[in-house]
Every structure is written in C-alpha cells, then in structure tokens.
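Q: Got a structure here, written out as structure tokens. Questions coming.
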C-alpha cells in the first residue's frame with residue numbers, strides 16, 4: 001500500500017490527541033479472511049476514534065462496514081452479508097497489562113504501535129457469523145428439498161411403542 005496513509009500508528013499519541021481516522025481496506029488485503037470469503041473483491045470501511053479511558057490508558061472506538069461474499073451453509077451458494085459492527089478497544093503494552101474493563105477489549109501493542117489493518121481485520125472476523133446463511137430460508141438459493149413423502153406425516157395410525165409402559169407403572173406391586 002505505497003503512497004497511502006500509514007498502517008502502523010502510535011496509538012498512545014493518537015489517544016492523547018483524540019484523533020479520528022477513516023480508512024478503507026480491500027478485503028483481499030485481509031489474509032485471515034481468505035478462507036471465509038467466496039469472492040475477495042470488496043472492501044471494508046473503518047472509522048477509528050482514538051481517546052483515553054477512565055484510567056488514562058489509550059483506547060479506540062472502531063466501527064466497520066462491509067458486505068463480504070460468504071457461502072451460505074444451507075444452499076452452498078455465495079451471498080453478500082451486510083456487516084456493521086463496532087467495539088471499544090483498550091491498548092496494552094504487554095499480555096500481563098491486557099486486563100481491560102469489561103466493556104472494552106484489550107489489544108496488545110507492538111513497540112507502542114498498532115496496525116490499523118489488523119484492527120479492522122479483527123473486528124470484521126468477530127462480526128461474521130460462524131455458520132453464514134441467506135436471510136430468507138424460503139428463497140435460499142438452491143437449497144436442497146426432500147423428496148416427496150420424506151418428512152411428511154405418515155399415513156395411518158401413529159404407533160407409540162412405549163404407550164404400554166404407563167399401564168405397567170400404575171399397577172400395584
């Protein structure tokens with residue numbers, strides 16, 4: 001990404017300054033999403049609002065918007081899922097200091113810096129469903145249907161193999 005805005009930023013300085021940044025990343029530039037996406041085209045729009053937490057630690061409120069192409073787990077066809085998510089992150093210098101407040105996620109800095117792309121990728125991964133599915137199951141692509149007669153109520157009387165157990169339990173000993 002030469003010529004573009006810096007990816008590695010000093011989050012402590014940005015937090016002190018109360019900076020707000022806007023970035024757009026290509027989904028194809030997010031390697032941890034490669035196995036999830038059916039089409040690497042598209043982008044994620046990200047807004048970063050840096051600031052300080054109550055205990056004077058650097059933090060950021062991150063908000064993302066994207067429409068990645070995923071594979072429906074019902075019909076196995078690709079579909080676009082509109083994603084909008086946000087979270088609050090508290091930066092820490094090492095793992096032992098990453099004990100953020102309950103409403104904020106801890107994020108460990110590397111040499112006092114963080115990658116804006118990595119933050120966006122992490123937020124998008126957390127926003128995606130484990131088993132993506134089309135919005136409406138009735139019109140879900142080419143979802144397989146059961147052959148006639150399978151899954152329908154059986155014709156004739158219903159057999160209840162354990163119905164006699166109730167009578168056995170009621171008999172005196």
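The values are calculated or read from the model by the stated rules, or taken from the named source; none is laboratory data. Note that the coordinates shown come from a computational prediction; the quantities given were computed from them, not determined experimentally. For neighbour counting, all protein chains shown are included, and Cβ atoms are generated from backbone atoms with ideal geometry for every residue, glycine included.
Q: Among the residues that make up region 141-160, is at least one of them in contact with a strand residue (DSSP E or B) (Cβ under 6 Å, 6 or more places away or on another chain), surrounded by 10 or more Cβ atoms within 10 Å (Cβ to Cβ) and at pLDDT below 65?
A: no
Q: Taking region 9-56 only, how many residues are free of Cβ contacts under 8 Å to residues at least 40 places away in the same chain and buried (at least 19 other Cβ atoms within 10 Å of the Cβ)?
A: Residues meeting the conditions: 1.
Q: Scanning region 107-140 for residues that are at pLDDT below 90 and in contact with a helix residue (DSSP H, G or I) (Cβ under 8 Å, 6 or more places away or on another chain), which turns out surrounded by the most Cβ atoms within 10 Å (Cβ to Cβ)?
A: 107
Q: Another question, then. Within the bounds of region 71-79, is there any residue that is surrounded by 15 or more Cβ atoms within 10 Å (Cβ to Cβ), assigned to a strand (DSSP E or B), in contact with a helix residue (DSSP H, G or I) (Cβ under 6 Å, 6 or more places away or on another chain) and in contact (Cβ under 8 Å) with a residue 12 or more places away in the chain?
A: Checking region 71-79: not a single residue is surrounded by 15 or more Cβ atoms within 10 Å (Cβ to Cβ), assigned to a strand (DSSP E or B), in contact with a helix residue (DSSP H, G or I) (Cβ under 6 Å, 6 or more places away or on another chain) and in contact (Cβ under 8 Å) with a residue 12 or more places away in the chain.
Q: Please find, within region 32-54, the residue that is modelled with the lowest pLDDT out of those that are more than 15 Å from the chain's Cα centre (by Cα) and not in a strand (DSSP E or B).
A: In this case the residue turns out to be 54.
Q: Residues of region 61-70 being over 30 Å from residue 16 (Cβ atoms) and crowded, with 16+ Cβ neighbours inside 10 Å, which ones? Before the answer, list the steps.
A: Taking region 61-70 as the starting set, the residues that turn out to be over 30 Å from residue 16 (Cβ atoms) are 67-70.
Within region 61-70, 68, 69, 70 meet the criteria.
Q: State yes or no: is residue 16 under 27 Å from residue 78 (Cα atoms), modelled with pLDDT under 95 and in a helix (DSSP H, G or I)?
A: no
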